[in-house]
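In what follows, a structure is listed as structure tokens, so that the remarks can point back to it.
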Amino acid sequence: IGSLLIDMVGGQDSVAALFNFSNYDLTSWMTDYMDNAVGNYYTQRWYIAQRDQGSISLCDYYPPTDDNSILNGGAWTRFNTSDPGFYPNASQREQALANSERYAGWSRSRVQQLNNSNDGYTYTINTRQQAYIISKGNKQTKKAYAYEIHVTQSWNRTEVVYEDVFDSYSMDLNTFKAQLNARLSEFNDNEEGYVYYIASDARNYYQATDAAKLQGCESVTISVTCSDGATLGQGSTQYKCRKCGGSLDAHSKECVMQTSVTENELDLSELDALIREADNQVAVLQSQISALEKENADLLKKIAEASVEDAAAYRQQYNSNRTRIEELKSELAEWQQKQKEYADAKQEAEAENDVPTDDYYRLPAIMQDCKTAYSLTWQDGGTWSGYTFVRKATMPNINGIITFRATISIARKPKYFLGIKIHRAIIQISWELTSAYTDTHVADVLTLDPNLPNEEKTKIVNNRISEIAREYPNCKITTEYARTEPMEEVPNSDVYHLLWSSDRLEIAREVDSRITKIYADLVSLEKMMHYKRNIIDVLKDVLPELDTDEGRRLTLVEECHDRWVENARTSRSGRKEVRP
């Protein structure tokens, strides 16, 4: 008897686990006990899966750190400053990071596009700022900035190798888990290099019947309601907006809904004015320096020919001019630096269009393309939830709701130079079109023998409900009970009937059963005709193909072709050709 009890429990390890209270989930146990007491049971999908995860480095960029690269190289972004505590602002940091991205060959926008492609991998980009102080004569003149850039490709895939459905009505959970663990051990022992694990989905509850519900019941209709969904399409696009800032706001929702775009180009008139001012200042300073240098050349000649008294006056004027020339040259260098910065900023602004975007393909155009491609009928004008636009639609041949959902985000912030915008913001639209539908069909119709006891009827119905619940573990199970009120018999010996009352009741049961069966067949036929085939397809399969050549005289080429086909068919069957 002891060995029999151990086998029933599941082995000595299971017996020891009986007294380990840390493994007991009392809340779950009490919930299951109370649900079973009122006839609530559940199905739950359990599975054994294999996990494949890892990562590889796609880019490890380090800016060059030799003196020439830091002082003169294009990989570093330098800012003129003598302040030891200088730290670049957001615009300057963005400038340095964008410059490093060009040298690395990888950028944040490229990583975002790869993630939007949904190729089964996850791409991440990490940056680290580097800075150097540039000095001249023990005096700080500039600071140089660049970024390390690291791009990683990672994946975490799962593959289900075994699955089963647990039914709390007909199964024991501990026995079910023991079987899963045994199969898991088998997978882990036979498959090297892979790790397998057990997981489960959420519970799906259903209601069992009882003797009270089956009192006087003659038939039970079991229906299944399934809900599902699918992604019909998805994508992303980007466009430039001159008026958008570095964060989303009310204007972002307005511009994304525009159907026509006007005055979206950058306004560089202020930058052109700065360039003209710098050019004029440089020209004036160069002219002043040239005039003073020419005057000093004349003074040197006069000093050589003048007397001692006159030479002293000329030398004083010469030294004064030299001091002024040095001041003008210093001022000229500053304006030339500004001139270069203005020119570089304008060149960068003109090259801003090199980043490919579709400035005219925004939400209205995307929705119109979806409507045309899927024959949608919009049910509303759409609503905003935060910065996500949601719109409902219907679609032929799909008995459900189609949802269009688009989310806007900032793919690249605008860039400014001296308060002048030289890079427009890039707005990204990520959209998807999904379907969600619910379908109900009759899974079975049980006709009950009225002579059976209610306990036997309950067992038959619950067993069938349990089978259907395991067959459709993610669907809702409902039952309908058909009852016929017993006919009142009038005890009168003088009244004669063509049929006995028991016979009439039996006929009524048979008619009701047939009507229920016909209804179930009609529901199934309607579902098949609606989702699978139309009446024309059925007629094409039943009727013979039309002979379009009937009664028409064949041409010589057609007649030769028919003879050739017939001779080939005859030779394949082994019969000799008999055509004259």
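The values are calculated or read from the model by the stated rules, or taken from the named source; none is laboratory data. Note that the coordinates shown come from a computational prediction; the quantities given were computed from them, not determined experimentally. So basically every Cβ, Gly included, is an ideal-geometry build from the backbone, and we count neighbours across all protein chains shown.
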> Of all residues in the stretch 195-252, which are among the aromatic types (Phe, Trp, Tyr) and either within 20 Å of PRO364 (Cβ to Cβ) or in contact with a Pro (Cβ under 9 Å, 6 or more places away or on another chain) (or both)?
Replying inline: TYR239
> So which residues in the stretch 410-448 are modelled with pLDDT under 85, surrounded by fewer than 17 Cβ atoms within 10 Å (Cβ to Cβ) and among the β-branched types (Val, Ile, Thr), if there are any at all?
Replying inline: THR438, THR440
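What number of residues in the stretch 390-409 are closer than 30 Å to GLU101 by Cβ and either touching a Pro at 6+ places or on another chain (Cβ under 6 Å) or buried (at least 18 other Cβ atoms within 10 Å of the Cβ) (or both)?
Taking the stretch 390-409 as the starting set, the residues that turn out to be closer than 30 Å to GLU101 by Cβ are 406-409.
Still in the list and also either touching a Pro at 6+ places or on another chain (Cβ under 6 Å) or buried (at least 18 other Cβ atoms within 10 Å of the Cβ) (or both): 406, 408.
Count: 2.
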> Just one of the numbered conditions (1) in contact with a Lys or Arg (Cβ under 7 Å, 6 or more places away or on another chain); (2) modelled with pLDDT of 90 or more is not true of SER290; which one?
Replying inline: (1)
> Residue check, ASP201 against (1) under 24 Å from the mean Cα position of the chain (by Cα); (2) surrounded by 14 or more Cβ atoms within 10 Å (Cβ to Cβ); (3) in the same structural domain as PRO450 (by TED's automatic domain parsing), all met but one. Which one?
Replying inline: (3)
> Would it be correct to say that VAL282 is β-branched (Val, Ile, Thr), surrounded by 14 or more Cβ atoms within 10 Å (Cβ to Cβ) and in contact with a His (Cβ under 8 Å, 6 or more places away or on another chain)?
Replying inline: no
>> Let me spell it out: the conditions are (1) outside any strand (DSSP E or B); (2) more than 30 Å from PRO364 (Cβ to Cβ); (3) touching a residue at least 40 places away in the same chain (Cβ under 8 Å), and ASP164 meets all of them except one. Which number is the exception?
In response: (1)
> Of all residues in the stretch 395-443, how many are of a type outside the set (A, V, I, L, M) and under 15 Å from ALA230 (Cβ atoms)?
Replying inline: 12
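So that you can scan it fast, the table gives a plain yes or no per residue for (1) of a type in the set (Asp, Glu); (2) in contact (Cβ under 8 Å) with a residue 40 or more places away in the chain:
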{"position": "ASP359", "(1), (2)": "yes, yes"}
{"position": "SER375", "(1), (2)": "no, no"}
{"position": "THR394", "(1), (2)": "no, no"}
{"position": "ARG412", "(1), (2)": "no, yes"}
{"position": "PHE417", "(1), (2)": "no, yes"}
{"position": "ILE427", "(1), (2)": "no, yes"}
{"position": "ALA436", "(1), (2)": "no, yes"}
{"position": "ASP439", "(1), (2)": "yes, yes"}
{"position": "LYS457", "(1), (2)": "no, yes"}
>> Return the residues of the stretch 261-292 that are without any contact (Cβ under 8 Å) to a residue 24 or more places away in the chain, assigned to a loop (DSSP other than H, G, I, E, B) and not charged (D, E, K, R); say none if nothing qualifies.
In response: THR262
> Exactly one of (1) farther than 30 Å from ALA425 by Cα; (2) loosely packed, with under 12 Cβ neighbours inside 10 Å is unmet by ILE325. Its number?
Replying inline: (2)
> Within the stretch 381-423, which strands (runs of 3 or more DSSP E) (wholly inside it) include 1 or more residues that are over 25 Å from ARG108 (Cα atoms), more than 19 Å from the chain's Cα centre (by Cα) and among the small types (Gly, Ala, Ser)?
Replying inline: 388-395, 398-412
>> Out of ASN72, ASN40, ASN89, I need the residue that is surrounded by fewer than 17 Cβ atoms within 10 Å (Cβ to Cβ) and either within 30 Å of LYS459 (Cα to Cα) or hydroxyl-bearing (Ser, Thr, Tyr) (or both). Which one?
In response: ASN40
> Can you spot a residue in the stretch 175-191 that is assigned to a strand (DSSP E or B), outside the structural domain of THR516 (by TED's automatic domain parsing) and either closer than 25 Å to VAL445 by Cβ or of a type in the set (Lys, Arg) (or both)?
Replying inline: no
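Filter the stretch 213-259 for residues that are in a loop (DSSP other than H, G, I, E, B) and without any contact (Cβ under 8 Å) to a residue 40 or more places away in the chain; which is surrounded by the most Cβ atoms within 10 Å (Cβ to Cβ)? Can you show your working first?
Residues of the stretch 213-259 in a loop (DSSP other than H, G, I, E, B): 213-216, 242-249, 257-259.
Applying the additional criterion that residues be without any contact (Cβ under 8 Å) to a residue 40 or more places away in the chain yields 243, 249.
Details: LYS243: 14, ASP249: 11.
Only one residue tops the list, namely LYS243.
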>> Suppose we filter the stretch 359-380 for residues that are outside any loop (DSSP other than H, G, I, E, B) and either under 28 Å from LYS243 (Cβ atoms) or in contact with a strand residue (DSSP E or B) (Cβ under 8 Å, 6 or more places away or on another chain) (or both); how many remain?
In response: 13
> Counting only residues that are without any contact (Cβ under 8 Å) to a residue 60 or more places away in the chain and not in a helix (DSSP H, G or I), how many does the stretch 67-117 have?
Replying inline: 14
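Let's see how each residue does on (1) of a type in the set (Lys, Arg); (2) under 24 Å from ARG45 (Cβ atoms):
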| site | (1), (2) |
| --- | --- |
| THR447 | no, no |
| ASN451 | no, no |
| GLU456 | no, no |
| ARG464 | yes, yes |
| ILE468 | no, yes |
